[in-house]
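Participant: Right, I'll just put the structure down here and ask away after.
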Amino acid sequence: SAVISQKPSRDICQRGTSLTIQCQVDSQVTMMFWYRQQPGQSLTLIATANQGSEATYESGFVIDKFPISRPNLTFSTLTVSNMSPEDSSIYLCSVPRPGTYGYTFGSGTRLTVV
Amino acid sequence: AQTVTQSQPEMSVQEAETVTLSCTYDTSENNYYLFWYKQPPSRQMILVIRQEAYKQQNATENRFSVNFQKAAKSFSLKISDSQLGDTAMYFCAFGAMEYGNKLVFGAGTILRVKS
């Protein structure tokens with residue numbers, strides 16, 4: 001199964017600034033998913049990132065706030081823009097495991113906005 | 001829209017005993033797959049077990065097994081011989097190719113294993 005390296009593992013940011021989260025996969029994958037997990041809550045899908053096309057955003061999430069880059073089949077970034085304390089969450093990337101109907105997750109980025 | 005419901009916010013079990021976590025889901029899809037993920041305090045999402053909807057046989061992975069009732073849209077997780085390391089948040093999740101292979105998660109159940 002794929003191994004994902006997600007960076008940074010945690011960060012404390014000032015409101016109004018932006019943070020870019022990176023996910024590097026050790027194999028080529030067509031789809032990559034970005035999730036948000038608010039404190040004490042479940043995971044909510046932000047968007048699906050496909051290489052060579054615009055990301056597809058879920059209801060309630062917009063590209064201006066969460067721009068996504070997918071330059072190749074092994075790498076993606078999610079930017080949290082113009083942050084406010086409400087953006088304090090864990091952000092996780094995920095990719096499908098080929099042929100097994102499973103998913104591998106990155107280790108998550110714990111973001112705190114002050 | 002697909003929904004996943006976990007009705008037990010918290011559960012506790014004594015070490016070495018058995019515990020069952022409940023999950024129900026709603027979908028109009030016929031071909032889909034279900035998962036249980038474990039999230040310990042490290043926040044790493046760990047796949048515990050998966051079940052393809054077309055398979056009638058319940059999935060089993062060592063101490064973990066599921067009771068998959070397709071007609072009732074129920075997918076419970078049984079943990080046998082509970083260990084302290086099983087303490088974590090457990091999420092039930094649904095996915096389907098027709099749904100873009102995205103996962104829909106339940107609210108989660110915090111499981112505490114007591115010594």
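Participant: Can you find even one residue in segment A:84-92 that is modelled with pLDDT of 95 or more and within 9 Å of chain B (Cβ to nearest Cβ)?
Facilitator: Yes, segment A:84-92 contains at least one residue that is modelled with pLDDT of 95 or more and within 9 Å of chain B (Cβ to nearest Cβ).
Participant: Scan segment B:24-47 and give yes if some residue there is surrounded by 12 or more Cβ atoms within 10 Å (Cβ to Cβ) and touching a Pro at 6+ places or on another chain (Cβ under 9 Å), otherwise no.
Facilitator: Yes, segment B:24-47 contains at least one residue that is surrounded by 12 or more Cβ atoms within 10 Å (Cβ to Cβ) and touching a Pro at 6+ places or on another chain (Cβ under 9 Å).
Participant: Of all residues in segment A:78-114, which are more than 21 Å from B:N101 (Cα to Cα), among the hydrophobic types (A, V, I, L, M, F, W, C) and surrounded by 14 or more Cβ atoms within 10 Å (Cβ to Cβ)?
Facilitator: A:V80, A:M83, A:I90, A:L111, A:V113
Participant: What tally of residues in segment B:23-50 results from selecting those that are facing chain A (nearest Cβ under 9 Å) and part of a strand (DSSP E or B)?
Facilitator: 7
Participant: When residues of segment B:74-99 are filtered for being of a type in the set (S, T, Y), assigned to a loop (DSSP other than H, G, I, E, B) and in contact (Cβ under 8 Å) with a residue 60 or more places away in the chain, how many remain?
Facilitator: Total satisfying the criteria: 2.
Participant: If you take the residues of segment B:5-22 that are surrounded by 12 or more Cβ atoms within 10 Å (Cβ to Cβ) and part of a loop (DSSP other than H, G, I, E, B), which of them is farthest from the chain's Cα centre (by Cα)?
Facilitator: Here the answer is B:E15.
Participant: Mind listing whichever residues of segment A:84-111 are part of a loop (DSSP other than H, G, I, E, B), out of contact with any Lys or Arg (no Cβ under 6 Å at 6 or more places or on another chain) and farther than 18 Å from A:S1 by Cα?
Facilitator: A:S88
Participant: Mind checking whether some residue in segment B:11-19 is on the phi < 0 side of the Ramachandran plot and within 14 Å of another protein chain (Cβ to nearest Cβ)?
Facilitator: no
Participant: Filter segment A:47-75 down to residues that are polar (S, T, N, Q), surrounded by 12 or more Cβ atoms within 10 Å (Cβ to Cβ) and part of a loop (DSSP other than H, G, I, E, B) and give me whichever is farthest from the other protein chains (Cβ to nearest Cβ).
Facilitator: Only one residue fits best here, namely A:T74.
Participant: Separate question: Just checking, does segment A:36-46 include any residue being more than 10 Å from chain B (Cβ to nearest Cβ) and at pLDDT below 95?
Facilitator: Yes, the conditions are met somewhere in segment A:36-46.
Participant: Here's something else I'd like to know. Here are some conditions: (1) touching a Lys or Arg at 6+ places or on another chain (Cβ under 7 Å); (2) in a strand (DSSP E or B). A:Y35 meets all but one. Which one does it not meet?
Facilitator: (1)
Participant: Next question. For the subset of segment B:82-115 comprising residues that are farther than 20 Å from B:N31 by Cβ and of a type in the set (K, R), which member is nearest to the other protein chains (Cβ to nearest Cβ)?
Facilitator: B:R112
The values are calculated or read from the model by the stated rules, or taken from the named source; none is laboratory data. What you see is a predicted model, and the numbers here were worked out from it, not measured in a lab. Cβ coordinates were reconstructed from backbone atoms using ideal geometry, including for glycine residues, and neighbour counts include every protein chain displayed.
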